[in-house]
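Just below is one structure, and these are the notes that go with it.
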Amino acid sequence: MLKSQPKFPFPQRHPRTFPAVLAASALLLSACGGEPGTDAGPSPTTNTNSAGSTTAEGSEAKESQAPVPRLILTHDAGITVLDAKTLRTVGEAPLEGFNRLSPAGDGRHVLVSTGDSFRVFDAGVWTGAHGDHGHSYVAAPRLMDRAFRANKAGHVVNPGGQTVLFNDGSGKVEIFDPAALTDALKTGLPATSTYTAPAAHHGVAVQLEDGKLLVTLGNEEGRNGLALLSAPDGDGGQGRSELLRSEDCPGVHGEAVAGSETVVVGCEDGMLVYRDGAFTKVASPAPYGRMGNQAGSPASPVILGDYKVDRDADLERPTRISLVNTDTRALQLVDLGTSYSFRSLGRGPAGEALVLGTDGALHVIDPTTGEVTAAISVVGAWTEPDAWQDSRPTLFVQGSTAYVTEPATSTIHAVDLNAGKVVKSAVLERAANELTGVTG
């Protein structure tokens with residue numbers, strides 16, 4: 001069984017109401033001095049408070065009444081952290097280059113893909129277990145010296161309770177337990193298990209709860225399917241044997257989880273579904289019907305995907321989305337009447353499909369019937385840029401709130417999905433590019 005959580009599509013990742021916030025004061029952070037690496041010693045800018053919580057130097061961790069969610073976003077100068085309730089800035093870290101963000105899986109840390117590493121970013125909010133209850137803390141966020149070395153850092157996924165990193169330049173897969181991350185970071189990095197694909201490619205891997213591994217098949221020339229590998233051999237061994245494969249997924253890309261036990265990847269002619277030890281193909285109605293970006297939900301068996309039909313397009317701007325029911329293997333195509341981008345897909349707390357259109361509206365879709373039940377006006381009309389790395393309005397969903405960035409106005413908006421309206425907006429110092437969050 002998988003512990004599923006909605007995932008942002010990578011070109012492409014919880015029902016709760018947000019509590020009152022005890023926020024750390026805003027702090028301009030400097031990137032730590034040493035070169036990031038797996039052999040780095042304790043960061044010179046860390047200490048441990050009396051409760052045993054690692055904090056930034058000069059920043060005391062304070063206890064809060066409840067978990068404090070935060071948002072993390074990138075821009076052309078680095079990383080900014082916002083309080084998810086107030087949208088106020090609580091920290092910044094300079095970092096050059098185009099950097100990607102992925103939750104580390106523990107509700108506190110984010111992994112920053114810098115190309116040659118997956119670098120650890122501490123969002124500064126966490127909850128520790130204490131008997132039959134927990135204690136929540138807030139501190140200043142910080143970019144850490146700790147980093148997993150990488151060769152073309154790619155996808156980061158954690159739907160099965162383990163966090164899995166994929167190196168596009170080497171095919172190396174690295175797996176660790178996110179629950180061990182905080183303690184491990186005091187002296188280094190958490191213990192990992194590894195697997196290396198036969199050939200390097202832009203891929204993804206997902207570890208299942210029984211230890212088996214799903215990994216894409218491909219090489220530098222192309223990608224065509226998915227393999228199921230055994231759990232590592234005993235006595236701490238890293239060896240895995242292939243149990244099952246399907247090569248019926250040309251251009252395999254992305255991943256998502258439906259419900260609690262079904263994993264899908266996108267193909268250029270449909271979706272490939274893994275469930276109960278078997279692969280099943282859900283074919284597109286056309287010979288080329290690409291569903292390369294997907295969003296799943298623990299509350300629904302239906303996967304939301306994009307849908308592109310022009311194989312030769314430099315940049316296709318589709319208006320249809322796909323809904324694949326992994327229980328029935330039925331496919332629905334829904335025309336929204338507006339285009340969208342790979343950063344437009346999300347899921348609501350009840351499994352509703354969410355698509356941020358270039359018309360500026362957040363379209364809410366019943367995943368079972370395909371009916372568009374609402375179109376919430378959020379941002380101005382926009383056009384998807386030609387380069388996928390360039391900023392564009394981006395959707396991130398946490399609990400019952402959808403967050404939408406608007407680079408044209410350097411603004412971020414919070415949408416209450418229950419009320420169906422924007423409830424708060426804030427002007428940012430810099431236009432946002434990528435966006436994710438932690439629950440605290």
Subject >> Odd one out for residue 159 among (1) crowded, with 22+ Cβ neighbours inside 10 Å; (2) farther than 28 Å from residue 211 by Cβ; (3) at pLDDT below 95 >> reply: (2)
Original post:
Can you name the strands (runs of 3 or more DSSP E) wholly within the range 137-238 that have at least 1 residues being over 22 Å from the mean Cα position of the chain (by Cα)?
Top reply: 193-196, 213-219, 222-229
Original post:
Hey, among 377, 391, which residue is under 16 Å from residue 342 (Cβ atoms) and of a type in the set (Ser, Thr, Tyr)?
Top reply: 391
Original post:
Which of the residues belonging to the range 98-143 are among the hydroxyl-bearing types (Ser, Thr, Tyr) and farther than 22 Å from residue 431 by Cβ?
Top reply: 117, 127, 136, 137
Original post:
Can you name the number of the only condition in (1) within 20 Å of the chain's Cα centre (by Cα); (2) modelled with pLDDT under 95 that residue 41 fails?
Top reply: (1)
Original post:
Can you tell me how many residues in the range 221-249 are surrounded by 17 or more Cβ atoms within 10 Å (Cβ to Cβ) and not small (Gly, Ala, Ser)?
Top reply: 9
**OP:** May I ask you to say which residue of 146, 70 is surrounded by 24 or more Cβ atoms within 10 Å (Cβ to Cβ) and more than 30 Å from residue 416 (Cα to Cα)?
**Re:** 146
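Can you find, within the range 162-210, the residue that is surrounded by the fewest Cβ atoms within 10 Å (Cβ to Cβ) among those that are among the acidic types (Asp, Glu) and under 17 Å from residue 240 (Cβ atoms)? Spell out how you get there, then give the answer.
Going through the range 162-210, the residues among the acidic types (Asp, Glu) turn out to be 168, 174, 177, 183, 209-210.
In the following step, the residues that additionally are under 17 Å from residue 240 (Cβ atoms) were identified as 174, 209-210.
Details: 174: 21, 209: 14, 210: 10.
Of everything passing the filter in the range 162-210, 210 is surrounded by the fewest Cβ atoms within 10 Å (Cβ to Cβ).
Look at residue 210 and say whether it is among the charged types (D, E, K, R) and at pLDDT 95 or above. If you could, list the steps in order and put the result at the bottom.
On the way: among the charged types (D, E, K, R): yes; at pLDDT 95 or above: no.
For residue 210, the condition - among the charged types (D, E, K, R) and at pLDDT 95 or above - is not met.
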Original post:
When both residues are 6+ apart or on different chains and their Cβ atoms are under 6 Å apart, which pairs have a first residue that lies in the range 101-119 and is under 18 Å from residue 84 (Cβ atoms), and a second that is among the acidic types (Asp, Glu) and at pLDDT 95 or above?
Top reply: 101/434; 109/122
Original post:
On the given criteria, is residue 254 within 19 Å of residue 291 (Cβ to Cβ), modelled with pLDDT of 95 or more and either basic (Lys, Arg) or more than 17 Å from the chain's Cα centre (by Cα) (or both)?
Top reply: no
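Taking the range 385-397 on its own, how many of its residues are closer than 15 Å to residue 356 by Cβ and in contact with a Leu (Cβ under 8 Å, 6 or more places away or on another chain)? Explain how you work it out, then say what you get.
Just the residues of the range 385-397 that are closer than 15 Å to residue 356 by Cβ, to begin with: 385, 391-397.
After this cut, where a residue has to be in contact with a Leu (Cβ under 8 Å, 6 or more places away or on another chain) as well, the list is 393-397.
Selection size over the range 385-397: 5.
Which members of the range 307-344 meet the condition of being in a loop (DSSP other than H, G, I, E, B), small (Gly, Ala, Ser) and out of contact with any Lys or Arg (no Cβ under 9 Å at 6 or more places or on another chain)?
We begin by selecting, within the range 307-344, every residue in a loop (DSSP other than H, G, I, E, B); these are 307, 309-319, 326-329, 336-344.
Checking which are small (Gly, Ala, Ser) leaves us with 313, 337, 339, 341, 344.
Hits for the range 307-344 are 313, 337.
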Subject >> Residues within the range 114-129 that are touching a strand residue (DSSP E or B) at 6+ places or on another chain (Cβ under 8 Å) and either of a type in the set (Lys, Arg) or surrounded by fewer than 24 Cβ atoms within 10 Å (Cβ to Cβ) (or both), tallied >> reply: 8
Subject >> Tally, over the range 335-363, of residues that are surrounded by 18 or more Cβ atoms within 10 Å (Cβ to Cβ), farther than 22 Å from residue 407 by Cα and of a type in the set (A, V, I, L, M, F, W, C) >> reply: 2
Subject >> Checklist (1) more than 28 Å from residue 431 (Cβ to Cβ); (2) surrounded by fewer than 24 Cβ atoms within 10 Å (Cβ to Cβ) applied to residue 326, failing item >> reply: (2)
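I'm trying to understand the selection: among the residues of the range 347-371, which are within 13 Å of residue 393 (Cα to Cα) and either of a type in the set (Ser, Thr, Tyr) or out of contact with any Gly (no Cβ under 9 Å at 6 or more places or on another chain) (or both)? Let's see the steps before the verdict.
Filtering the range 347-371 for residues within 13 Å of residue 393 (Cα to Cα) gives 355-362.
Once the filter is applied, which keeps residues that are within 13 Å of residue 393 (Cα to Cα) and either of a type in the set (Ser, Thr, Tyr) or out of contact with any Gly (no Cβ under 9 Å at 6 or more places or on another chain) (or both), the range 347-371 yields 358, 361.
The values are calculated or read from the model by the stated rules, or taken from the named source; none is laboratory data. These numbers come from a predicted model, not from an experiment. Note that each Cβ is placed from the backbone with ideal geometry, even for glycine, and that neighbours are counted across all protein chains shown.
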